Amino acid sequence: MFLIKLTRVNLYIIFIVIFGLISFLLHIDFTIKAITDWTIFIYLVLSIIFLINCKIILPPKGNALTMESGVYLASTFIFGVETTLAVLLIGNIAFALLNPKIKWWKHLLNFTNYSIMTIGAYYTFILIGGEVGSVQLEKIYIYVITLIAYYTINVFLVGSYFYLASSSNVFKVFKTIVSETLFGYLCTLVMSVVLAILIVSHDKFGLVLFTGVVGLLSVAFKQYYNLYEKVAKKANTDLLTGLYNHSYFKEVLTNHLKNNDNLKLSLALIDIDDFKKYNDYYGHLAGDDLLKYIGNLLSEGCKENNFFVARYGGEEFVIIMKDVDRSTALKFLNTLRKQVNDSYFNGVEILPHRCLSFSGGVVEYEKGIYSINELIDRADQAMYFAKAQGKNNCQPYDSKNISLTILEHEKELELLEQQVKIFLYKDVYTYQHSRRVYQYARDFAYKLNLSDYEKKLLISGALIHDIGKLEIPRDIINKKGKLEPFEWEIIKKHVTWGKEIVATNKDLHDLIPLVELHHERYDGRGYPYGLQGESTPKLARILCIIDSFDAMTTERPYQKTKTFDEAIEELKQCAGKQFDPNYVPAFIEMVRELYPLKFTENSITKEKVTNF
């Protein structure tokens, strides 16, 4: 007696198994009259057993392509559904006996899935004019449509299971399945027709020939894949330390952030303390030996938890900790640091701490971080803060710990101002708009009580948020009157062009989210990515309010000007749609405090008695 927990996944499995078994029983002939040639039947079963275990491995992801579906389809074309289901039953029983470690319900689910797919393909084949027992090459579309039906049923059955099991976005689940299986099923179509022709023309020999060719392909592709793995590993490996290299680390981190639904991940950036001193004192060869030794210590320390560790560059290393929060990651990194402290290496006596040590920064992924560069920058800032505390310690990322002096920020703003002044010769409207948005951002940053670092980003980003408009043709950006649809598309590209301009200066990389994403909407209907809610970084959501308010209240070539009263009403109406409702009230309050003369007396009185 056993109990089954009735989750929605288990209910789905029970439904599919019951439906598949009923469908199978309604179509199978247990009197086995449909099997006219027992020899070919046995050959089909043996071919299925062989092909299930004879996978064709495809690079780069190692996806396995099996040809049993080709046999099922060819058998359906030549012998009909009853014989095919009998082959399916015997083949799956044999496979289950040969693979007892696989759970029984997985064997049963696999069998019922194939039963539903085969029966669905058979009825599609018959309904569109297919004739069992022959191959009609002049009607190749019949076989194409039959395979599409077979494939569609498979995608639906498998996709539904993974959607229910993961609770991920349904579109993303099905898109992933299609992208990873479409090529395999195109091969299945070709091979099923080829096998059908071979069986019709050469009977058993045709089936043996097909099975043999697939077996040889399996061996050849396996060797090819092994060679690919060796080459790929070499390309992804740092030759000195044997760890993964910088480019592969970025590829892995990018893949994690692509699938960021409910992502839980922490990143650590490590820098060996006083490595330059050791390297200069003992020479580069000794320095290389130290890097290899540190790399080995980190690799061994991360192995138990299966963390990803790579050499980032120079004396810097990175660790990706999947399913780990910030506090746990910080605790792990400090434990690792202590292990490094306790590991003796020749010559460490000249170092300030008299032992090997590193400074580390830890950051946890959170909604609003939209690129790997932003995540890495935060880890880098935390790591430099750790160094500023005297080295040999680890610090979590905290924006309050990242600050610039007023003088440093003013110098940076002067440089940005020089870039914005380029607009004066091309589009004075954009220059004036940027200056006003900058002033609004400066006032709003202090009203919101942001950290010094966030204030710096918001103010600097506000000043150059429209820098990409330098790329817009003069006749469009200065056009008086309504813009044509194609002209609007060009206008919208300014955020992408702005990102590309800012990306050329490494010191401005932190401003990229504000430049690129200030036209995203809270409801997900903005551009360039259609980000929704808090998927857009906080400062970009704030800048969207500021930018839109000034756009509404300033005379522009392609838009009617609103009064401050009208613009405030627009902000209220669009809160929760275009704008983040958490910041709209505070912005309205700030504008009323700083610009009272811009409002009518009636609107001020009304605002005092109306809660927003």
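Please name all residue pairs, on different chains or six or more residues apart, with Cβ atoms under 8 Å, provided the first residue is in the range 97-122 and is within 17 Å of I49 (Cα to Cα) and the second residue is open to solvent by 70 Å² or more (accessible area, probe 1.4 Å) and modelled with pLDDT under 90.
From the range 97-122, the pairs are L98/N53.
Please verify whether T76 is assigned by the TED database to the domain that holds M191, within 21 Å of L25 (Cβ to Cβ) and touching a Phe, Trp or Tyr at 6+ places or on another chain (Cβ under 6 Å), treating the condition exactly as stated.
yes
Go through (1) out of contact with any Ser or Thr (no Cβ under 6 Å at 6 or more places or on another chain); (2) modelled with pLDDT of 90 or more one by one and return the number of the condition N505 breaks.
Tallying (1) out of contact with any Ser or Thr (no Cβ under 6 Å at 6 or more places or on another chain); (2) modelled with pLDDT of 90 or more, N505 fails exactly one: (2).
Any chance you could count how many residues in the range 558-612 are at pLDDT below 90, of a type in the set (F, W, Y) and either open to solvent by less than 70 Å² (accessible area, probe 1.4 Å) or in the same structural domain as S548 (by the TED database) (or both)?
Adding up the residues that qualify gives 3.
Filter the range 166-193 down to the residues that are open to solvent by 60 Å² or more (accessible area, probe 1.4 Å) and either of a type in the set (A, V, I, L, M) or not in a helix (DSSP H, G or I) (or both) and list them by number.
Selection gives S167, N169, V170, L182, L186, V190.
Listed here are the residues, each with its yes/no results for (1) open to solvent by less than 20 Å² (accessible area, probe 1.4 Å); (2) outside the structural domain of I422 (by the TED database); (3) free of Cβ contacts under 8 Å to residues at least 24 places away in the same chain.
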{"residue": "A445", "(1), (2), (3)": "yes, no, yes"}
{"residue": "S451", "(1), (2), (3)": "yes, no, no"}
{"residue": "S460", "(1), (2), (3)": "yes, no, no"}
{"residue": "G468", "(1), (2), (3)": "yes, no, no"}
{"residue": "D475", "(1), (2), (3)": "no, no, yes"}
{"residue": "G481", "(1), (2), (3)": "no, no, no"}
{"residue": "K492", "(1), (2), (3)": "no, no, no"}
{"residue": "G498", "(1), (2), (3)": "yes, no, no"}
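Return only the number of the condition from (1) part of a helix (DSSP H, G or I); (2) open to solvent by 20 Å² or more (accessible area, probe 1.4 Å); (3) at pLDDT below 90 that I22 does not satisfy.
I22 satisfies every listed condition except (3).
Of the numbered conditions (1) within 26 Å of Y453 (Cβ to Cβ); (2) open to solvent by 10 Å² or more (accessible area, probe 1.4 Å); (3) not aromatic (F, W, Y), P485 satisfies every one except a single condition; which is it?
(1)
Can you list the helices (runs of 4 or more DSSP H) lying wholly within the range 466-576 that have 2 or more residues being small (G, A, S) and more than 33 Å from the chain's Cα centre (by Cα)?
Result: empty, no element qualifies.
Report yes if S535 is closer than 25 Å to R474 by Cβ and either touching a residue at least 60 places away in the same chain (Cβ under 8 Å) or open to solvent by less than 50 Å² (accessible area, probe 1.4 Å) (or both), otherwise no.
Criteria not met by S535.
Just the residues that are of a type in the set (S, T, N, Q), open to solvent by 10 Å² or more (accessible area, probe 1.4 Å) and in contact (Cβ under 8 Å) with a residue 60 or more places away in the chain, please, taken from the range 123-153.
If the condition is that a residue be of a type in the set (S, T, N, Q), open to solvent by 10 Å² or more (accessible area, probe 1.4 Å) and in contact (Cβ under 8 Å) with a residue 60 or more places away in the chain, then S134 is the only one that fits.
The values are calculated or read from the model by the stated rules, or taken from the named source; none is laboratory data. Quantities reported herein were computed from a predicted structural model and do not represent experimental measurements. Quick reminder, even Gly has a Cβ in these numbers, built from the backbone with ideal geometry, and neighbours come from all protein chains shown. Keep in mind that these areas ignore ligands, DNA and RNA; they rest on the heavy atoms of the full protein, side chains included. Shrake-Rupley method; radii C 1.70, N 1.55, O 1.52, S 1.80 Å.
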